[in-house]
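Accompanying notes for the structure given below.
The values are calculated or read from the model by the stated rules, or taken from the named source; none is laboratory data. Note that the coordinates shown come from a computational prediction; the quantities given were computed from them, not determined experimentally. So basically every Cβ, Gly included, is an ideal-geometry build from the backbone, and we count neighbours across all protein chains shown. With ligands, DNA and RNA removed, areas are computed over all heavy atoms of the protein, side chains included. Shrake-Rupley method; radii C 1.70, N 1.55, O 1.52, S 1.80 Å.
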Amino acid sequence: MSRRSDAAKSMALKCTSSTQKQSSKLFISSSAIACATVFPPLAMNVGAIAEMGFSRKEYEFLSEIGLSSGNLGCFVNGTWKGSGPVVSTLNPANNQKIAEVSEASIQDYEEGMQACSEAAKIWMQVPAPKRGDIVRQIGDALRSKLQQLGRLVSLEMGKILPEGIGEVQEIIDMCDFAVGLSRQLNGSVIPSERAPTTPLVTIATAKLVAEVLEKNNLPGAIFTSFCGGAEIGEAIAKDRRINLVSFTGSSKVGVKVQQTVNERFGKCLLELSGNNAIIVMDDADIKLAVRAVLFAAVGTAGQRCTTCRRLLLHESIYRTVVDQLLDVYKQVKIGDPLEKGTLLGPLHTSSSRKNFEKGIEIIKSQGGKILTGGGIIESEGNFVQPTIVEISPDANVVKEELFAPVLYVMKFKTLKEAIEINNSVPQGLSSSIFTSKPEFIFKWIGPQGSDTGIVNVNIPTNGAEIGGAFGGEKATGGGREAGSDSWKQYMRRST
């Protein structure tokens, strides 16, 4: 096994919030570490960014992680720059501006990739255990700013605070996992038979990584970061210097990325749409299942790729589970994600709220019955009501991913029927069954069971195990990020 790549890449380091799919993210890996945030350009005047303090007192903590009201969005060859468009990042809870970011231009991109390619030659010569130590230091740097970074994720994306902190903790855990891997990158000798929309989070993380590299006298270009729009994303997909392009976003965009990368025989790691189902059998612990469904369907305002979107209930317990869900949905606290006790924050963008409204109209037109929710909440922010819909599994809208807190509920009679419904959608990321019967469990996890990449039993569909291979099949893309398998995709195989 060649050591051209490194333990830092094997942890699939993510520099942005993992749920912001509307602002499709690209994580790139050449032989050095590189990352980029790609989000749709915002319509605004382009002007000089003034380096000044934050206008709102609640944003002052951002200065502790190197941010100001005006930020350069590219870390190129050890220096910060950004000669492209100036965009504003907004707080989705009130749609007020947090700060401005100068994005990358194509010139910035080219300069950065040239430097990154050269730095890779230095990085690959560093022994794997030493690279692992650098990753350990990166993890420690992130750990020292855990609260601030977690608060920023919540502020910029809209996750509630425990989830924001959890996102950063996940990166720290990945670092810890990768440090262990750095001592296990062994090769086998076999006898022969013949003679690759959260810019502030990206910037804050990049600053911490840059400090670690500088402290260890390593080129800053080893970690190269671009905040940019579609132009930068297209350049990444076409760039032959980037051996692996890791893309997280919609299936529609993922197909285009894959086609472009494949045209140059590059490698593509895709983590795309999810349309995840929870099956509740007649013997299940109903209270446990209801709590799990609430967390999986409402958490992150339904903006996780692993969000539970379909709830399949055995006909004998259908009414009981639905009634309990309706009761707990009434108790969901909606509001500022940074406030204690909030369970449902805002959608990430105003366009997301518009998509929610369009989705509800489509649901109604296809026979869906709104049991609770179904509307927007009038406010400055992008808040919507958590929604439960009674609908047929054959409705076309059920086959699509509506990136919002909308839960479809439907009945089944047998486990075989439930598995068929689970497998009937194009996506194949995560799934779960609630049951106590071993025969149901083994059928569910076996070859005739769930066709998703992540198969759960008696736990919700969202969340991930750091040591497990995260990713899915079919329209989810087939990629595996983090955990036990990602390092294999970030390395070159030599036999």
Just to be sure I understand the model, the point goes 7 Å from the Cα along the line to the Cβ. What's the resulting S424 to Q96 distance in nm? 4.7 nm
Rounded percent of accessible protein surface that carbon and sulfur make up, the chain, 1.4 Å probe: 52 percent
Accessible area per residue in Å² at 1.4 Å probe, computed on the chain: 41 Å²
State to the nearest 20 debye the size of the charge dipole of the chain about its Cα centre, where the only charges are +1 on K and R beta carbons and -1 on D and E beta carbons. 840 debye
Heavy atoms of E64 accessible to a 1.4 Å probe, total area in Å² rounded to 10: 100 Å²
In what sequence, largest accessible area first, do D140, D394, D285 appear using a 1.4 Å probe? D394, D285, D140
Roughly how many Å² of I454 are accessible to a 1.4 Å probe, to the nearest 10? 30 Å²
Measure off 7 Å from each Cα along the Cα-to-Cβ vector at E439 and E390, then give the distance between these two points in nanometres to one decimal. 3.1 nm
Once you have the Cα-Cα distance between K238 and K416, take 0.36 nm times their residue separation minus that, and quote the gain in nm to one decimal. 59.7 nm
R56 paired with Q259, simple spin-label distance in nm, labels 7 Å along Cα-to-beta-carbon: 4.0 nm
Binned at 10 Å starting from 0, the alpha-carbon pair-distance distribution of the range 197-261 in whole percents comes out as 18, 41, 32, 9, 0
Taking just the C-alpha trace of the chain, give me its Rg and Dmax in Å. 22.7, 74
Candidate lysines - alpha carbon under 26 Å from K57, same-chain residues fewer than 8 apart omitted: K97, K145, K159, K207, K333, K340
Cα-based Lys proximity count in the range 353-425, under 17 Å, for pairs eight or more positions apart or on separate chains: 7
Rank these residues by their accessible area, most exposed first, probe 1.4 Å: L288, L272. L288, L272
Give the relative contact order (percent, whole number) for the range 264-417; include only Cα pairs under 8 Å separated by 6+ residues. 27 percent
In debye to the nearest 20, how big a dipole does the range 277-346 give about its Cα centre with +1 on each Lys and Arg Cβ and -1 on each Asp and Glu Cβ? 260 debye
